[in-house]
Amino acid sequence: MKFVLLLFFLLLSTKSFSLSIKCKFEEVYFDKSIQHGFMLLKENSLRYQYYDNQLFTIVHKNNNSFVVRNDNKSIIQKLKKEEYFIEDLMKLLKDYPNLKKNYQSNGYNIKLENSSLSNFYKRIAVSGENLNLSIYFNDCETYDAPDHYFNHNPLSEYIF
């Protein structure tokens, strides 16, 4: 469930469909556990990859989302649209630049903090009954990623 919400919140944080960016991320959970990885974002495509080999990579392209295991890239799971709130997301993105700093969605409170160093958010805070985390974005820069980085099968290797 965490990766489903994460996909929603990351896509929510895009400032427009024309944004192409790469960032490192750090997820900090309420229990003080931390996960690291990187994110590539290009128009309607997203790649959100954890560095930990025991975790996964989320690929979103052409209104479809897939989860690919990092330790066995042949294990791929397609996410159903109702699992990652894509319709709500698209409505919010179309409302840009009228995005708010605080949202409520499906029982979660979401706070967005702009970065003064990049054209992206520096932090997304999510709080709810079953999930409390902050996602910090670091070293964000404009990057026009080649389209093959957003293919889930085969998942192209990318070294940040």
note = Contact list, first residue from segment 23-46 and under 14 Å from ASN138 (Cα atoms) and surrounded by 16 or more Cβ atoms within 10 Å (Cβ to Cβ), second anywhere and at pLDDT 95 or above and of a type in the set (Val, Ile, Thr), beta-carbon distance below 6 Å, six or more apart or interchain, is VAL28/ILE34
Output for segment 120-143, where each listed residue is at pLDDT below 90 and of a type in the set (Ser, Thr, Tyr) = TYR121, SER127, THR142, TYR143
remark   = Residue set LYS32, LYS91, LYS15; condition assigned to a helix (DSSP H, G or I) and either among the acidic types (Asp, Glu) or at pLDDT below 95 (or both); output residue LYS91
message = Can you tell me which residue is surrounded by the fewest Cβ atoms within 10 Å (Cβ to Cβ) among those in segment 100-118 that are assigned to a loop (DSSP other than H, G, I, E, B) and not basic (Lys, Arg)?
response = SER116
request  = Within segment 47-77, track down each residue that is polar (S, T, N, Q) and surrounded by fewer than 17 Cβ atoms within 10 Å (Cβ to Cβ).
outcome  = ASN53, GLN54, ASN62, ASN63, ASN64, ASN72, SER74, GLN77
inquiry  = So in segment 19-44, with the set limited to residues that are over 12 Å from the mean Cα position of the chain (by Cα) and of a type in the set (Asp, Glu), which one is farthest from LYS61 (Cα to Cα)?
reply    = ASP31
query = Residues of segment 135-160 being in a strand (DSSP E or B) and surrounded by fewer than 17 Cβ atoms within 10 Å (Cβ to Cβ), which ones?
reply = ASN138, ASP139, GLU141, THR142
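The values are calculated or read from the model by the stated rules, or taken from the named source; none is laboratory data. Computed from a predicted structure; not experimentally measured. Quick reminder, even Gly has a Cβ in these numbers, built from the backbone with ideal geometry, and neighbours come from all protein chains shown.
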